[in-house]
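Every read-out reported here was derived from the displayed coordinates using simple, explicitly stated rules and does not represent laboratory data. Not measured: the values here are computed from a predicted model. Virtual Cβ from ideal backbone geometry, glycine too; neighbours counted across all protein chains shown.
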Amino acid sequence: MLSRRGSVLKADTYKLNSITIPIPKIEGFVGAVLRWLLSGKFLIEVKIAKRNAEQLSCYSITGEAKS
């Protein structure tokens, strides 16, 4: 378990509603490349382990970004 300021984060599946993050519009080639890079499905996985490779916790976040 991970403890921060008295609260304990337990192993479970956590879900959020859609999150919208406005990104300023950039025109031209650079803007097109950035829109391409910032769109698509993604998976972020964070593992916390001791030096001896013992895994303490693992967090996975999946989502989709649309431009």
Check: Here are some residues: GLY31, GLY63. Which one is surrounded by 10 or more Cβ atoms within 10 Å (Cβ to Cβ) and under 20 Å from the mean Cα position of the chain (by Cα)?
Finding: GLY63
Next item on the list: Look at segment 20-62 and say how many of its residues are part of a helix (DSSP H, G or I) and aromatic (Phe, Trp, Tyr).
Entry: 2
